[in-house]
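S.K.: Input: one structure, supplied below.
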Amino acid sequence: MCHPPAVGVVYIREQGAVVRKRGGRLLIEKDDQRLAEIRLRETDGVAVFGAVQVTTQALSELLDRGIGLTLYTRTGRLKGHLVPAEPGNIHLRLAQYRAATDAGAALLLAKAVVQAKLRRAAALLSDYRDHYPAAALETAVRAQLDGVDRAEQAADQATLLGVEGAAARSYWTAFAALNRSDLAFDGRNRRPPRDPLNILLSLGYSLLLGEIRSLAEAAGLEPHLGFLHQPDHGRPSLALDLLEPFRPAVADRLALTLVNRRQIDAADFAQDLRPGRGGRLRLSPDGFKRYLHAYERLLTERRADAPRGWRAALADAVAGLAGALRSDLETGLPAQTWGPAVTPEESGPRQISDARPLRL
């Protein structure tokens, strides 16, 4: 079905549906029946899952209005996206290439990403400490905050990745302790995710990655050239860099909330018996619908840790990096002070005295 919020991204999952244009609206139809009607002026983006057809006229209207279209598999794996054609900003991309190929500049930018991620991981764990007095939780909060300090001192990419990896091991141990549902969680796994909680985590990361890639391209950045994630064939390294700080803040928090409140439970998962699927677990259509509603609500609601909403924070992080690189075009210096904005509420139970300022 189609699940449109008042303002935001429209998600279309009804298999066999057709998306058509009529005036300033999108019509979602199937078998000559109208399923939904969407005002384009209230739409920030459109996401389709699986066998959903979008007519050429609808595509053209979306692009004319600057509205991106993101395509996912039926189970939520990102396939690609269409964004409006923009004048090429070769100078911005040259600045990005220069920063990515300058070991010192790339390391500084990678540190900002890792530190923001660890602060947000500490904030998530800290939010649960009053109600989940587990020793692993205290240890993990300290590990994230100590990781911020250690990341600052990292002399190279390998050391920085080691810092991140050590913090992640402690984080996922604590994450398992926060799971009060009947769904087993023995740690992070993927490609494919093998249990319900990992399915929810991977789905959240995929949705966020789709939004970030679209934002990066619209800003004139090269989504495949990052600073923390090394370039590789088919890997959107910059988008993955920008995703890191939003993993704990959005996808991890949402997965825990949904399973702990029993809004999604074991009954929402079943083996996929289609040919070539190997009987892997998948989220049911109704569970998928509830997940998307919760995801959209989390991204658009205003919170102490996201005063304008997490979707606005995604856009700010991308725009901030582009702005920092443009500024460096004028100064001739590599971007050294950019980082995804972290509010005081996200800094954990103590402030990091030697943290570098984060600029957007």
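S.K.: Mind checking which lysines have their C-alpha under 22 Å from LYS289, skipping anything on the same chain fewer than 8 residues away?
M.R.: By straight Cα distance, LYS289 reaches LYS30, LYS79.
S.K.: Using each residue's phi in the range 294-300, evaluate 6.51 cos²θ - 1.76 cosθ + 1.60 at θ = phi - 60° and report the 3J(HN,Hα) Karplus result to the nearest Hz, with x for Gly and Pro.
M.R.: 5, 4, 5, 5, 5, 6, 9
S.K.: Relative contact order of the range 177-305, please, whole-number percent, based on alpha carbon pairs below 8 angstrom and at least 6 residues apart. Present the calculation step by step, with values, prior to reporting the outcome.
M.R.: Numbers: 139 pairs, mean separation 32.0, N = 129.
Contact order relative to length: 25 percent.
S.K.: Measure out, as a whole number of angstrom, how far apart the alpha-carbon centroids of the range 115-159 and the range 21-88 sit.
M.R.: The two parts, judged by their Cα centres, are 39 Å apart.
S.K.: Using θ = phi - 60° and the Karplus relation 6.51 cos²θ - 1.76 cosθ + 1.60, list the HN-Hα couplings for the range 184-195 in order, rounded to whole Hz, with x at every Gly or Pro.
M.R.: Listing the rounded values in order: 5, 9, 10, x, 6, 9, 7, 6, x, x, 9, 9 Hz.
S.K.: Return the long-range amide H neighbours of ARG25 (sequence gap of 5 or more, or a different chain), with a cut-off of under 5 Å between placed amide H atoms.
M.R.: It is LEU40, by chain and number.
S.K.: Convert each backbone phi in the range 107-124 into a coupling constant with the Karplus relation 6.51 cos²θ - 1.76 cosθ + 1.60 (shift: θ = phi - 60°), then list the ³J(HN,Hα) values in order as whole Hz, x for Gly and Pro.
M.R.: Couplings: 5, 4, 5, 5, 4, 4, 5, 5, 5, 5, 4, 5, 4, 6, 5, 4, 5, 4 Hz.
S.K.: Tell me which residues come under 5 Å, amide H to amide H, from PHE269 once H is placed; ignore anything under 5 positions away on its chain.
M.R.: Sorted by chain and number, the residues that satisfy this are SER284.
S.K.: Now a separate question. Normalise the Debye intensity by I(0) for the chain, one equal point scatterer per Cα, no solvent, then take log10 at q = 0.15 Å⁻¹ and round to two decimals.
M.R.: -1.38
S.K.: Using a Cα-Cα cut-off of under 17 Å, which aspartates and glutamates could be cross-linked to LYS21, ignoring same-chain neighbours fewer than 8 residues away?
M.R.: Output for LYS21: GLU29, ASP31, ASP32, GLU37, GLU42, ASP44, GLU61, ASP64.
S.K.: Oh, and also: Given H placed 1.01 Å from N in the peptide plane, which residues other than close sequence neighbours of ALA47 have an amide H under 5 Å from its amide H?
M.R.: VAL10, TYR11, ILE12, THR70
S.K.: May I ask you to derive the relative contact order of the chain, considering only C-alpha pairs under 8 Å and at least 6 residues apart, and to give it as an integer percent?
M.R.: Value for the chain: 17 percent.
Read the figures in this text as sums done on the coordinates, not as results from a lab. Since this is a predicted model, take the numbers as computed values, not measurements.
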